[in-house]
Amino acid sequence: MFITGYAVMAGAAERLVLGYDSFGNICGRKNTPVKGAPLSGQDMTNKKYVFFLNSCSLEMQSLKISSLSLCVSSCPQEQLNSLEDLQSFARNNGSCLCIYNLNISSYTLNPKAAELCPTLPVPPSKSFPLFNRCVPQNPECYSKYASVLISMVNEMDVFHRILSAILAGRDAVIGLSVLALAFSFILVLAFRFIRTLLVHTLIALVVFGLLFVSGVLWWLYYDYRNDPSTELETEKENVKFLLGYAIFSTIVTVVLLSLILVLRKRLQFTVQLFRIVGKIIGRIPLLLFQPLWTFLILIVFWVFWVAVLLSLGTAGTAQTTSGGQVEYRALSGICYMAWYHFVGLIWTSEFILACQEMTIAGAVVTCYFNRNKNSPPPHPVLSSISVLFCYHLGTAVKGAFLVTILRIPRIVLLYLYNILNQKESACAKCLFKCCFCWCWCQENCLRYFNQHAYTTTAVNGTNFCTSAKDAVFILAKNSAKLASISCFGDFILFLGKVFVVCFTVFGGLMAFNYHRELQAWVVPLLLVGFFAYVMSHSFLSVFGVTADAVFLCFAIDMETNDGSAEKPYFVDQELLTLVSQSNKLTEGQKYRSVRPFQDNEDGTELQPMV
């Protein structure tokens, strides 16, 4: 809350998004006066572009362009050779290219007009959407203009370069996030009515997507590397990251194709598993809409987070210089606050996802341990949400915090790896890669046990630590019965997430490839991939959490009851058959011979595990 309040009070994200002139006015909005700057506080609602008075001879001084800049309503499309041309352009287009306090009628009469107007001749320029600047189109002027921007980008720290990249690709990121949402929702509906043909179709699409994206990445890398016009530092970074993306995508493709070949014979078990999960979701249809609520909450939070980040990036004090100009000087300690803000992004996002998992687990537990399968309990999702907010928010916070703790070392290792990559220390880079992979494996294992801890909390109502201990105990005792089929079901869901990410990233590659100039689209592409994965995980986790909750309930059911008339099982015969067929163990015959419970039959209710 402190970071948010400080960012809102001290920051001005509009300066970064819209641009501002030399007198403290933000282009495209109405401004408030700055003390000591008589030309500040003007209404720039219709003046959205920044125009430099000497765009052909710009210089950089401490990350600032030395030329005077103005807010104008349009950029000159043709070359202006005299003050008369400037006057005519202002009258015809309503865009004044001279200092604000110089009247249009005085352009040719005021003896100081040459000092208050742009350097002649004014080259033709075009409004560029990246920085909302009027970019000169004259080849000589453009080369000088671009070289200044190269220097500015190279001298920026990582924090501000990320901000620039986010703003550069904001429209594409939003559009591709919507595309990922559509893919995720289609997959949810497909898994709800899954059949053998659908599984084969999904696998075929994933294989095609992996091969296609890998091929496109290698083609783009070759195209960028051999492009003689690649001069900007951002474009050179794109080439480096394209190589990294291509190598990573190729490795993932090879690994997943190998796993698909090894596990192809267990497809029928996956169909049966998702048929059982679909039956449970059919009893609780609101579970299908749970990801939509989570997605909307995540979108609201992400928009809020980005707004605070932009405010942090523009936090500074306005100081008046000679000639009534205004400079914004950044405050110290902003970068440290930004890192703290980034940790908040991870923790809060994981907390929101944990709340979804607990809601689904609570609804599934209520349905599983219901004796009358033909009469499900009323409003299980709303009841689960109520219990979550009344009793178990701390459990979700602790689980999300543990995931965050393991995520932070990965980020630090990635940052150190980028530093070592520049020094080309092969041994150290290999060590960091191993540590990074280890942290990734630990994080995913923790997610798996967190999910079962949430289910155990829904069953017993115990706190996070007790539930985690009970979940580990029951899983260790029954791992042989449930591991194979559960893992393959998770693998199919993972392929669904890969499908969403592959085709969304492919759309991002095509979108960003059309804007090579001055576009650092590496960070937006990473954001697109991250958002696509989070959204697909949010939607498909309905099936994953439901399946894992059913298996854990099954294991608890086996531990608590014995199938006798006094203690009948809660489980369906179909799930018993699936587990026994999957494991092909001798005790499967015993499970098949167990007398299933009858509707409305009394039995021993579940007790907390010891």
(request) Please name all residue pairs, on different chains or six or more residues apart, with Cβ atoms under 6 Å, provided the first residue is in region 528-550 and is part of a helix (DSSP H, G or I) and the second residue is open to solvent by 10 Å² or more (accessible area, probe 1.4 Å) and among the hydroxyl-bearing types (Ser, Thr, Tyr). (result) Phe531/Ser177
(message) So for region 317-335 (the condition being surrounded by fewer than 15 Cβ atoms within 10 Å (Cβ to Cβ), of a type in the set (Phe, Trp, Tyr) and at pLDDT below 80), does at least one residue qualify?
(response) no
(message) Looking only at region 363-386, how many residues end up being part of a helix (DSSP H, G or I) and out of contact with any Ser or Thr (no Cβ under 9 Å at 6 or more places or on another chain)?
(response) 4
(message) If a residue must be surrounded by 16 or more Cβ atoms within 10 Å (Cβ to Cβ) and at pLDDT 85 or above, how many such residues does region 107-133 contain?
(response) 10
(request) Assess whether Asp548 counts as being assigned by the TED database to the domain that holds Val207, in contact with a helix residue (DSSP H, G or I) (Cβ under 7 Å, 6 or more places away or on another chain), at pLDDT 80 or above and acidic (Asp, Glu). (result) yes
(request) Can you give me the number of residues within region 383-403 that are without any contact (Cβ under 8 Å) to a residue 60 or more places away in the chain and either among the hydrophobic types (A, V, I, L, M, F, W, C) or loosely packed, with under 14 Cβ neighbours inside 10 Å (or both)? (result) 12
(message) I'm told Leu86 meets every condition in (1) of a type outside the set (Gly, Ala, Ser); (2) within 48 Å of the chain's Cα centre (by Cα); (3) not in a helix (DSSP H, G or I) except one. Can you identify the failing condition by its number?
(response) (3)
(message) For region 557-577: of the residues being closer than 9 Å to Tyr368 by Cβ and of a type outside the set (Asp, Glu), which is farthest from the chain's Cα centre (by Cα)?
(response) Phe570
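The values are calculated or read from the model by the stated rules, or taken from the named source; none is laboratory data. Small disclaimer: the values here were computed from a predicted structure and weren't measured. Glycine also receives a Cβ, built like all others from the backbone with ideal geometry; neighbour counts cover every protein chain displayed. Remember, those area values only see protein heavy atoms, side chains included, never the ligands or the DNA or RNA. Shrake-Rupley method; radii C 1.70, N 1.55, O 1.52, S 1.80 Å.
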